[in-house]
Amino acid sequence: MIPQASSMEEIRQRRRRFINHLYGLHAKLESGRQHQTAEARRELALLRRSLTGGRQEADAYAVVFPYDPPVDEQQAWLLVAGLFALHPQPRPRRTPDPSGAQRRPSPSIGVSMRRLVERRSSAERRFLQLLGVDHTALPHYLRQAVQLLHTENIPLDYDRLLNDVVTLMSEHHDLERAHRVRLSWARDFHRQTRETPADVPAAPAT
């Protein structure tokens, strides 16, 4: 069953509130306030452990379920929460489209993986595997990819990632929509750019 337009917008708002909470955890980490930093570290530790499944996944329910994920999106929300905990990031800066018409679309994981390959050519194989796996194997390969991005401190847009993962892991699994998501990742990965996309902040120098 396809949600009506009004209900779909309400679901998008729930997703945004959830992702705002995740980005808020990074803000607390950087706040310099001992209590907030300790609280964020505790919550992120719960979310990281949730990626192992079983009882550890249950520990993440108190973080995820207050934002009321639709039943068929629950696993996608839990996965993205765990991925964020592996690689917490500040919210990406948003800039208008150069034409002034509208804001640029959020960059997909393909953009981040392209930047990773520029530093580690061997990571291209990881990305090709990610494109080719089915929805049951997706969590494993996404976890590997995000761990590599964390190692090189390459940003990732979690708003976009949640929307894409919801499509790829949907219980109804619309093959055509899933294929479009994978095509967009591949297009972003292979697109030749002359500069770092404005929507993705450059990794800090080490």
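The values are calculated or read from the model by the stated rules, or taken from the named source; none is laboratory data. The structure presented is a predicted model; accordingly, all values stated were derived computationally and were not measured. In this analysis, Cβ positions are derived from the backbone assuming ideal geometry, glycine residues included, and neighbour counts consider all displayed protein chains. Note: areas computed on protein heavy atoms with side chains; ligands, DNA, RNA excluded. Shrake-Rupley method; radii C 1.70, N 1.55, O 1.52, S 1.80 Å.
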What pairs come up if the first residue lies in the range 13-28 and is touching a residue at least 60 places away in the same chain (Cβ under 8 Å), the second is polar (S, T, N, Q) and open to solvent by 30 Å² or more (accessible area, probe 1.4 Å), and their beta carbons are under 9 Å apart, counting only those six or more places apart or on different chains? Arg15/Asn163; Ala27/Gln36
Looking at this structure, is Arg94 open to solvent by 40 Å² or more (accessible area, probe 1.4 Å), modelled with pLDDT of 95 or more and either touching a strand residue (DSSP E or B) at 6+ places or on another chain (Cβ under 7 Å) or under 30 Å from Ala60 (Cβ atoms) (or both)? no
Open to solvent by 40 Å² or more (accessible area, probe 1.4 Å) and farther than 23 Å from Arg91 by Cα - does that describe any residue in the range 145-152? no
Collect the residues in the range 106-129 that are touching a Pro at 6+ places or on another chain (Cβ under 7 Å) and open to solvent by 10 Å² or more (accessible area, probe 1.4 Å), keeping them in residue-number order. Pro107, Val111
Search result, residues across the range 22-57 that are open to solvent by 90 Å² or more (accessible area, probe 1.4 Å) and of a type in the set (D, E, K, R): Glu30, Arg33, Arg41, Arg42, Arg48, Arg49, Arg55
Restricting attention to the range 130-140, does a residue exist that is surrounded by 16 or more Cβ atoms within 10 Å (Cβ to Cβ), under 26 Å from Met8 (Cα atoms) and at pLDDT 95 or above? yes
Here the residues within the range 55-72 that are assigned to a helix (DSSP H, G or I), modelled with pLDDT of 95 or more and closer than 17 Å to Asn163 by Cβ are Val64, Tyr67
Quick one: is Ser184 closer than 28 Å to Arg17 by Cβ, modelled with pLDDT under 95 and surrounded by 13 or more Cβ atoms within 10 Å (Cβ to Cβ)? no
